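The values are calculated or read from the model by the stated rules, or taken from the named source; none is laboratory data. Please read these numbers as outputs of a predicted model, since none were measured by experiment. Cβ placement follows ideal geometry from the backbone for every residue including glycine, while neighbour counts extend to all protein chains displayed. All accessible areas refer to the heavy atoms of the entire protein, side chains included, with ligands and DNA or RNA removed. Shrake-Rupley method; radii C 1.70, N 1.55, O 1.52, S 1.80 Å.
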Amino acid sequence: MSELLSWGRYPRFPQQPTTPAWREGVDDSLAALRQRHGHTLAFGNGRSYGDSCLAASHHVVHMRELDRFIHVDWANGRIRAEAGVTIGELIAVALPRGWFPPVTPGTQFATLGGAVANDVHGKNHHVRGTLGRHVRALGIHRSEDGYRELRPTDSAPELFQATIGGLGLTGIIVWVELQLQRVTSPAIKAKTYRFRTLEEFLTLSEEYDPAHEYSVAWVDCLAPRRSRGRGLLTVGDHSATGASIIGSTPRSRMTVPMDAPAWLLNAWSVRAFNALTYHRPRRLARAVDVPWHSFFYPLDRLRDWNRLYGRRGFQQFQCVVPTEAAAHVLAEALARIHRSSTGSMLAVLKRCGDQPSPGLLSFPLPGISLALDFPQRGKTTNVLLSELDAIVHDAGGRLYPAKDAHMSPRDFRKAYPEWSRVESQRDPALLSQFWRRVIS
C-alpha cells in the first residue's frame, strides 16, 4: 500500500499504513506499532482535510478493511457496521429499503468511524444536529484496557462524549451503531434562490430554513465590490413523488488524472467560474426533483478533485460564528479574501442550529458556517488565514478541526474549552499531528 495523505495534501506528512489482523490479533498488532513508533492513529478513507487524520509518528492504522455490516434492523432503521464502511456503502444498502443517514457530510467517501470521530454535520444541522446525536452505541479498542462498548446512556458517559468528535484520540473506533431516518424516495425536492447580498442571504435563510430539512448556500467570494456577497441558496426535502427507491445509483464519475499546474486556479479563472455559477440557474424558486447523490455530493462526481490544487495542496478554512455577528464577520472575511485575490470556487454558507451534540469537541454552534478552499501558496495563504482567524475568534466563533491545518494552540483552547476533558480520556498510544500542534 502506498503512503497516505490527508485530502488537502497539506501539511505534507506522508503516512505509512498498517492493517492489523482485526479479527484475530489486534492487541498484538497495536502493541507492536506502539513499541516500534511510540504512537499511531486510525486512518479511514483520508477525507479529513488538514492534519487531524495524520499520526504524529507518521504510522497509521488503516481501517478500510473493516467494511462489514454486523447487524441491521430494517423495521426500525438501526444498523451496526464496522468503522471502515463508508457513507456511500451505507446508503447503497439502506436506501433501497427506505432509509437514509440522518446526517451526512459533503462526501459519501467518508467512513463511519471518521464521521463519528469528527462528529460531522451536514445541510440539515438546523433540524437534526450532528451525527453524534444519532449514534446509539460504539465499539472502540484502547491500548491499555482493550475492547470497550460505549453508549450515551452509560452511567459514566465521559468516554462516549470524548469519543464523539474526539478526532480518533480516545481509542480506535471498531464499529458504529446508528439510527437512520425514514425516506420515501431517492430524490430530493429542491428549490434555489438567488441573493444579491449577505443580508439578503441571512433573510432568506431565516425564512426558508425552518420549513425545509436541508439548506445550503454558495457565495461568490470574488464578486465585484458592488456585488459582494451575492450567491445561491438551495433548500430541499426528501421527495414524496420522486423516482422509485429501487435502482437509484450515482452517475459515472470523471477523474482528475494528475496534479494540475499551479496557475490553473487563479483570480481570473475563479472569477469567471463564479460568475457562471451565479448566473447559471434558470428555474429559480421552483421545486425540482434531483437525485440524492447530486444534491448531497456534487464534488464526488469528479474523482481526485483535490488534484486541481496542484502538488502543494490546499487548505480549507471552515468557521462558524454566532448569528448576531454573522453579517459583520462574513462581510469582513469576504473583503479580506477579495483584497488578497486568493479566491475560492467552493465557498459554502450554512446555518447551524441549537441542537447540542454529546461530543465534547463538536464544531457547530448556533450561527452561520462559512467554508472555503484556498490553494496552498506559502506566505500569501498563511497571512490571509491568520487574518480570517482573528476576525472569527474576536467574534466568538471557531474553526473546524477536521478541516484545519493552521489553528494556533491559543485559539484552539479558547474555542474548545473542553479539550482538557478529551485529553484526560486520550489513549496514550494515539496521537495526531493536529493534537500535538494545538496542545503543545
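Using a Förster distance of 25 Å, how high is the FRET efficiency between Arg312 and Glu3, based on the Cβ-Cβ distance and rounded to 0.05?
E between Arg312 and Glu3, to the nearest 0.05, is 0.90.
On full extension of the chain, what length is gained from Leu284 through Lys379, given 0.36 nm per residue of separation minus the C-alpha to C-alpha distance? Mind showing how you got there, number by number?
Numbers: separation 95, 0.36 × 95 = 34.20 nm, distance 4.06 nm.
That pair, Leu284 and Lys379, stretches by 30.1 nm at full extension.
Dipole size in debye (nearest 20) for segment 264-405 around its Cα centre, Lys and Arg Cβ +1, Asp and Glu Cβ -1? Intermediate values should be presented prior to the final figure.
Values: 18 positive and 11 negative charges, 149 e Å.
It works out to roughly 720 debye.
Judged by the mean number of other Cβ atoms found within 10 Å, the most tightly packed of the peptides 27-39, 64-76 leads the ranking 27-39, 64-76. Sorting the segments 231-237, 129-135 by their residues' average number of neighbouring beta-carbon atoms within 10 angstrom, most packed first, yields 129-135, 231-237. Between Thr19 and His328, how high is the FRET efficiency from 1/(1 + (r/R0)^6) when r is the Cβ-Cβ distance and R₀ = 56 Å? Nearest 0.05. The computed FRET efficiency comes out at 0.70. Looking at the chain alone, DSSP beta bridges between its own residues are antiparallel in about 90 percent of cases.
May I ask for the net charge around Ser227, where only other residues with Cβ less than 9 Å from the Cβ of Ser227 are counted and Lys, Arg are +1 while Asp, Glu are -1? Intermediate values should be presented prior to the final figure.
Numbers: positive: Arg196, Arg225, Arg226, Arg228, Arg230; negative: Asp220.
Overall, the nearby charge balance is +4.
Distances between every pair of Cα atoms in segment 134-233, grouped in 10 Å steps from 0 to the bin holding the largest one, split as 13, 27, 15, 25, 17, 3, 0 percent.
Can you classify segment 249-341 as rounded, prolate or oblate using the Cα gyration tensor, where a ≥ b ≥ c are the square roots of its eigenvalues, rounded means a/c under 1.5, and otherwise it's prolate if a/b beats b/c and oblate if not? Spell out each step's value before the answer.
Working: a/c = 1.72, a/b = 1.10, b/c = 1.57.
Oblate, since a/c reaches 1.5 and b/c is not below a/b.
Site pair Ala240 and Arg303 shows an inter-label distance of 4.0 nm when each label is modelled 7 Å from Cα along Cα→Cβ. Taken over the C-alpha atoms, the chain has Rg and Dmax values of 20.9, 64 angstrom.
On full extension, the segment bounded by Val256 and Trp268 gains 2.2 nm, given 0.36 nm per residue less the C-alpha separation. Sorting the segments 170-181, 218-229, 417-428 by their mean number of nearby beta carbons within 10 angstrom, highest to lowest, gives 170-181, 218-229, 417-428.
Work out the FRET efficiency for Asp145 and Ser440 from their Cβ-Cβ distance, taking R0 = 30 Å, and round it to the nearest 0.05. Walk me through the numbers before you get to the answer.
On the way: r = 27 Å, r/R0 = 0.89.
Computed FRET efficiency for Asp145 and Ser440 comes out at 0.65.
Would you tally the net charge around Val288, using a Cβ to Cβ cut-off of less than 9 Å, leaving Val288 out, and scoring K and R as +1, D and E as -1?
Values: positive: Lys189, Lys191, Arg283, Arg286; negative: Asp289.
That works out to +3.
The slack in the chain from Thr197 to His71, taken as 0.36 nm per residue of separation less the alpha-carbon distance, amounts to 40.5 nm.
Just the accessible area per residue of the chain, please: how many Å² with a 1.4 Å probe?
Numbers: 18120 Å² over 440 residues.
Result: 41 Å² per residue.
Neighbours of Arg312 by Cβ distance under 14 Å: Lys/Arg scored +1, Asp/Glu scored -1, total +4. Modelled label positions at Asp354 and Gln179, each set 7 Å beyond Cα in the direction of Cβ, lie 2.1 nm from each other. Annotation: the antiparallel percentage among DSSP beta bridges lying fully within segment 1-111 is about 55.
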